[in-house]
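These notes are about the structure you will find just below.
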Amino acid sequence: MSLAANALNNKKAQELNVLKISELTVLTEYFVLATATSSTHVRALCDEVEEKLGEEGIKPDHIEGKTTGWIALDYGSVIVHIFTRDQRAFYDLDKMWADGESVDLEKILTLGEGD
């Protein structure tokens, strides 16, 4: 979860949010939610997450929405959601899963490369 959050943060994802939802569902342990500034940015963020996790030998079980304004990368215990602003507002997963435990980003984010 922290690898994905850091990859998104280093590529300038907006409205980054990590929710621990393992007490609410058997689907996954964490949702990592991020907003992109454009559909191109959505794809760039997706590529960055895949690359950084891939460097650690972690491959997604499934990727959904590569041609839409919402990409979901399913890593089993972590599902990364990357949205355009409109898609994030429309689906509002932050509100839908508000009973989840919000993870303190200051504890998991590191400075970006070159910072």
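Once you list every other residue whose beta carbon is under 13 Å from the beta carbon of Thr35, what net charge do they have if Lys and Arg are +1 and Asp and Glu are -1? Show your work: numbers first, answer last.
Numbers: positive: Lys11, Lys12, Arg85, Arg88; negative: Glu15, Asp86, Asp92, Asp94.
Taking every other residue near Thr35 into account, the sum is 0.
In the neighborhood of Asp47, defined by Cβ-to-Cβ distances under 15 Å, what is the net charge if each Lys or Arg adds +1 and each Asp or Glu adds -1? Intermediate results must be reported in sequence, preceding the final value.
On the way: positive: Lys11, Lys12, Arg43, Lys52, Lys59, Lys66; negative: Glu48, Glu50, Glu51, Glu55.
Net charge around Asp47: +2.
Within the chain, which is the longest segment that contains none of the GluC sites (Glu not before Pro) sitting in a DSSP loop with at most 12 other Cβ atoms within 10 Å?
On the way: sites that count: Glu23, Glu56, Glu113.
Formally, the longest exposed-site-free interval is 57-112.
If contacts are Cα pairs under 8 angstrom and at least 6 residues apart, what is the relative contact order of the chain in percent? All intermediate terms of the calculation are to be shown ahead of the outcome.
Working: 203 pairs, mean separation 37.9, N = 115.
Taking the mean separation of contacting Cα pairs over the length of the chain, I get 33 percent.
What translational D, rounded to a whole number of µm²/s, comes out for segment 11-53 from Stokes-Einstein when the hydrodynamic radius is the Kirkwood one over Cα pairs, at 20 °C and 1.002 mPa s?
Numbers: Rh = 11.5 Å.
My calculation gives 186 µm²/s for D.
Based on alpha-carbon centroids, what's the gap between segment 1-22 and segment 59-91 in Å, whole number please?
If you average the Cα positions of each part, the centres end up 12 Å apart.
Translational diffusion coefficient of the chain at 4 °C, 1.567 mPa s, Stokes-Einstein with Kirkwood Rh over Cα pairs, in µm²/s as a whole number. If you can, show how the numbers build up before the last one.
Working: Rh = 14.0 Å.
In µm²/s, the coefficient is 93.
Within segment 65-93, whose backbone N sits under 13 Å from a point 7 Å along Cα→Cβ of Lys59?
Under 13 Å, as judged by backbone N against the label point of Lys59, lies no residue of segment 65-93.
Report, in deg cm²/dmol and to the nearest 500, the calculated mean residue ellipticity at 222 nm for the chain, where each DSSP H run with n ≥ 4 adds -39500 (n - 2.57) and the sum is divided by the residue count. Walk me through the numbers on the way to the answer.
On the way: 5 runs with 41 residues, N = 115.
Calculated mean residue ellipticity at 222 nm is -9500 deg cm²/dmol.
For segment 64-113, just list the percent of Cα-Cα distances falling in each 10 Å bin from zero outward, please.
20, 43, 35, 2
Values in this text are rule-based calculations from the coordinates and carry no lab data. All figures in this text were calculated on a predicted structure; none of them were measured in a lab. Ideal geometry is used to build each Cβ from the backbone, glycine not excepted, and the neighbour counts take in all protein chains shown.
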